[in-house]
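Quick notes on the structure that follows.
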Amino acid sequence: GKAGYPWFMLKEIDEQPQAVADTLLGRLGNRGEIVLDEVRISDEDLRGITKIFVIACGTAYHAGLIAKYAVEHWTRIPVEVELASEFRYRDPVLDRSTLVIVISQSGETMDTLMALRHAKEQQARVLAICNANGSTIPRESDAVLYTRAGPEVAVASTKGFLTQVVACYLVGLFLAQVRGLKYEDEVAAVVAELRKLPDQVREVLAGVESVRELGRSLATESTILFLGRHVGYPVALEGALKLKELAYIHAEGFAAGELKHGSIALIGQGTPVIVVAPSPHGRESLHGKVVSNIQEVRARGARTIVIAEEGDDEVLPYADHVIRVPRTPTLLAPVVTTVPLQILACEIADTRGLDVDMPRNLAKSVTVE
Ligand code: BG6
């Protein structure tokens, strides 16, 4: 049941600290190493990988986009992310030294399954990141890393998504570890940060009421735009998708730097623009660029809503509203910055009198191509 919540989605949003903790459970070793007993591809084969594809649909695809930043950074292996429905129609270059990571909450999405089969025919190694135990996608893969989100009932994925992102970090760090001791210290440092994530998600959830109030103020908008850079870009895409799915509001996510190349024309007086700001403690240029993007859209009349790290005061002069998230390393930030966007979409849909758990035209698991 809904355990007293009006919507399964709200319950599942609240379950995220536990879901993230469960997904990490037993996979972080005492010496700061990654322990993935379920990945049954030999270390030798993992060392021979020269290219990675991440394949998924919908929200899971956004987890894949985040994976690209982290996995390439930690492993120095080139990573391509592709929508499952596009992948096999363009004759991708795959062989034995290619690792294909398929991400699917349900493990039954037909587009993803067909992409997986195509990859296997081409001799690629396939690793599934999946939530549903014993479902088709992990059964047909060479290896599986289960997210441990528990059953997800709401059609729009929340804890499924957050645990997919965490599982991608684990895979990236594991590959870095298997492939060379050069990265050992870095792996241990990130592991220490991963351990903090459940509490940090809890911190974001403690601020739920002010995010809901903001959501109510946005419920009659006809267009809402989302901006992000680096890993904030897939988070912006995910925020926009959630809003489209649940509230039936026109929403788009943009790479903050690309806006000026066309889409900035959409911004008029009062257009809400939600910006995912990176940590000011990460690469200085990244944060500075996003601050100027906020300035640019505001100068054109946008109502700016900024998701910013605790203590980031540089955004204040240009933000009409700030949503705070705890300090995390840049690559891990999506685990905290996505949460307010989930709450916003949920609240906006609820205020509009819509069925949050069962949006029109959508199904939890799509088993046709
Ligand atoms: C859909 C769902 O069509 O499939 C989305 O409505 C979901 O919410 C997508 O993200 C992918 O599903 P899965 O189970 O493969 O992660």
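The values are calculated or read from the model by the stated rules, or taken from the named source; none is laboratory data. Nothing here was measured: the structure is a model prediction, and the numbers come from that model. As a convention, Cβ positions derive from the backbone with ideal geometry for all residues, glycine included, and neighbour counts pool all protein chains shown. Accessible surface areas use protein heavy atoms only, side chains included; no ligands, DNA or RNA. Shrake-Rupley method; radii C 1.70, N 1.55, O 1.52, S 1.80 Å.
Here are a few things to note about the model shown:
- Scanning the stretch 79-107 for residues that are part of a loop (DSSP other than H, G, I, E, B) and within 14 Å of the ligand (Cβ to nearest atom) turns up Q105, S106, G107.
- Within the stretch 22-47, residues that are in contact (Cβ under 8 Å) with a residue 60 or more places away in the chain and closer than 20 Å to N131 by Cα reach partners that are surrounded by 19 or more Cβ atoms within 10 Å (Cβ to Cβ) and of a type in the set (F, W, Y) with beta carbons closer than 6 Å, at six or more positions or on different chains, in the pairs I34/F174; L36/F174.
- The one condition in (1) touching a helix residue (DSSP H, G or I) at 6+ places or on another chain (Cβ under 8 Å); (2) closer than 23 Å to I66 by Cβ; (3) away from the ligand (no atom under 16 Å from the Cβ); (4) open to solvent by 10 Å² or more (accessible area, probe 1.4 Å) that K289 fails to fulfil: (1)
- Check on A154, farther than 23 Å from R283 by Cα and surrounded by 17 or more Cβ atoms within 10 Å (Cβ to Cβ): yes
- The condition of being more than 15 Å from the ligand (Cβ to nearest atom), part of a helix (DSSP H, G or I) and in contact (Cβ under 8 Å) with a residue 40 or more places away in the chain does not hold for G160.
- Taking the criterion of being within 16 Å of K244 (Cα to Cα) and charged (D, E, K, R), the residues of the stretch 324-353 that qualify are E347, D350, R352.
- When R352 is tested against (1) within 30 Å of A265 (Cβ to Cβ); (2) within 16 Å of the ligand (Cβ to nearest atom); (3) not β-branched (V, I, T), exactly one condition is not met: (2).
- Selection status of A189, at pLDDT 95 or above and of a type in the set (A, V, I, L, M, F, W, C): no
- Candidates N361, N293, filtered to the one that is within 14 Å of F226 (Cα to Cα) and not hydrophobic (A, V, I, L, M, F, W, C): N293
- Of all residues in the stretch 308-328, those being open to solvent by 80 Å² or more (accessible area, probe 1.4 Å) and within 24 Å of the chain's Cα centre (by Cα) number 2.
- Test result for G253, small (G, A, S), outside any strand (DSSP E or B), touching a helix residue (DSSP H, G or I) at 6+ places or on another chain (Cβ under 8 Å) and within 16 Å of the ligand (Cβ to nearest atom): no
- Qualifying residue in the stretch 165-180 (condition: in a helix (DSSP H, G or I), within 16 Å of the ligand (Cβ to nearest atom) and touching a Ser or Thr at 6+ places or on another chain (Cβ under 6 Å)): yes
- Number of the condition not met by V71 [criteria: (1) crowded, with 22+ Cβ neighbours inside 10 Å; (2) away from the ligand (no atom under 14 Å from the Cβ); (3) free of Cβ contacts under 8 Å to residues at least 40 places away in the same chain]: (3)
- Only one of L197, L214, L225, L205 that is open to solvent by 10 Å² or more (accessible area, probe 1.4 Å), more than 30 Å from H118 (Cβ to Cβ) and among the aliphatic types (A, V, I, L, M): L205
- The residue that is nearest to the ligand (Cβ to nearest atom), among those in the stretch 112-138 that are of a type in the set (D, E, K, R) and in contact (Cβ under 8 Å) with a residue 12 or more places away in the chain, is R117.
- Number of the condition not met by L46 [criteria: (1) in a helix (DSSP H, G or I); (2) open to solvent by 40 Å² or more (accessible area, probe 1.4 Å)]: (2)
- R298 being of a type in the set (K, R), part of a loop (DSSP other than H, G, I, E, B) and open to solvent by 10 Å² or more (accessible area, probe 1.4 Å): no
- Qualifying residue in the stretch 7-19 (condition: touching a helix residue (DSSP H, G or I) at 6+ places or on another chain (Cβ under 7 Å), of a type in the set (A, V, I, L, M), surrounded by fewer than 20 Cβ atoms within 10 Å (Cβ to Cβ) and farther than 18 Å from S135 by Cβ): no
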